[in-house]
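A short write-up of the structure that comes next.
The values are calculated or read from the model by the stated rules, or taken from the named source; none is laboratory data. The model shown is predicted, which means the values in this text are computed figures rather than measured ones. Virtual Cβ from ideal backbone geometry, glycine too; neighbours counted across all protein chains shown. For accessibility, only protein heavy atoms count, side chains too; no ligands or nucleic acids. Shrake-Rupley method; radii C 1.70, N 1.55, O 1.52, S 1.80 Å.
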Amino acid sequence: MESDDNELAEAATNEPIVEVTPGRAMRVAAVLRAKGGDEFAKPGAIIEVKFVKGESLSLTASRLLALMILTAGGDAWEDRPHRMRKADIRRGHKGNERITDMLQELHRTLFAIDDRSWRGKKATTLFSLISRSKEETDEDGGEAGWIEWEFTPDARKLIQASETYAVLNRQAVLGFRSNYALKLYELGALRLHRRQATWRGDMAALRAALGIPPEVYTDFAQLRRKVLEKAKAEIDQLAHFRVEWREIRQGRTVAEIEFRFEPKGAPEVIETVDELDRHSSGRTPRRAGKVDTVVGSTEAAPGRPETFSVPKATSRSIDVDVAFPTGSIRFGAEELYAVGRSQGGGWDVDLIAQAFRAQMGERLVKLRGAKLISAWTGFCEGWVTRRGRA
């Protein structure tokens, strides 16, 4: 018996150790978190996860999930707790009951992915995104209070394995007022990063992707007006790309929808960055072109508490005084050159830079820091979308 035990112990010792490493999404998330700023990576596997029929996350819960992923960064796939200050979640709302409601909603919402059973048959796996959470409840905690959570094993598996990701902007995510717009924004950012500028699906796929309950907007005219048009208006204003859609009919019935996502040109990206820095209370009138003034205050409007705070961009990697070089971008502009290499689709970076200078003209002289990076990134993405990869 002792000999058998020794043989088993030896066999266990000699078994190869399989090292689990994070996929590209988590590696990029770690880099962006180290840089600071407002950009963060959300794994494509989490963006494309389907809602169980009849379920979806509210706008506030979707925002909280985005903040959780941003806070966890490149460690989101690890089996350990993550922590966030309540002050980073709420603003102008003295009570904590809304945070409690959002956590409970994340706990009870079920998601679905296509999978295989133990027999190799097609199957559907149902799971939640977070397994447990803690919220400090001391009344004296105030703004110093914290929440703590852990992602479920199924969620961590998806996050760890994801090779695709979308680079999202925190200010944009927290600026959306339509949950459907936020979902479409995430889907568009993911598709553009994959160099796949379109998404096409039938009505069931559309509802699953955006989390539209089956009993809501059963008439397509309503869905177009309440979901698609509102989502497009918000995305065109707040995102680094625009969205259009095409209705594919069978007879008089809309059978499928095809979305097309197109990166904005550099001037439009600058306008978007400016808009994200403005107060949200005037955003709808500005979208409709009814106001010309910029609201400078960052305080919540009286009687309209904001749930989420949107800190200013504080990227440590971008020199606020850096200008776009007049000569080769390869020397003395490492950050800009890195963007061109990663987003330029294999084209010569100096060639793209020459076209960027021609489009921007005199405006390029005053462009600095985060706005310059955003405009240059958007131009590189648009270059590849229009011309394809080199």
How many residues does the range 165-179 hold that are buried (at least 21 other Cβ atoms within 10 Å of the Cβ) and over 13 Å from the mean Cα position of the chain (by Cα)?
-> 0
Hits in the range 359-372 - residues which are within 16 Å of GLU268 (Cα to Cα) and open to solvent by less than 80 Å² (accessible area, probe 1.4 Å) = GLN359, MET360, GLY361, LEU364, LEU367, ALA370, LYS371, LEU372
Test: ARG98 is in contact with a Ser or Thr (Cβ under 7 Å, 6 or more places away or on another chain), open to solvent by 40 Å² or more (accessible area, probe 1.4 Å), in a helix (DSSP H, G or I) and not β-branched (Val, Ile, Thr) = yes
Of the residues that make up the range 368-378, is at least one over 20 Å from PHE241 (Cα atoms), part of a helix (DSSP H, G or I), at pLDDT below 85 and of a type in the set (A, V, I, L, M, F, W, C)?
-> no
Of all residues in the range 128-164, count the ones that are open to solvent by 40 Å² or more (accessible area, probe 1.4 Å), β-branched (Val, Ile, Thr) and either modelled with pLDDT under 90 or part of a helix (DSSP H, G or I) (or both).
-> 1
Odd one out for LEU351, checked against (1) out of contact with any Cys (no Cβ under 7 Å at 6 or more places or on another chain); (2) touching a residue at least 24 places away in the same chain (Cβ under 8 Å); (3) under 15 Å from GLY382 (Cβ atoms) | (2)
Sort out which residues of the range 182-214 are farther than 18 Å from ILE46 by Cβ and in contact (Cβ under 8 Å) with a residue 12 or more places away in the chain, and write them in order of number.
-> ARG195, ALA197, THR198, ARG200, GLY201, ASP202, MET203, LEU206, ILE212, PRO213, PRO214
Given (1) free of Cβ contacts under 8 Å to residues at least 60 places away in the same chain; (2) in contact with an Asp or Glu (Cβ under 7 Å, 6 or more places away or on another chain); (3) open to solvent by less than 60 Å² (accessible area, probe 1.4 Å), LEU238 misses just (1)
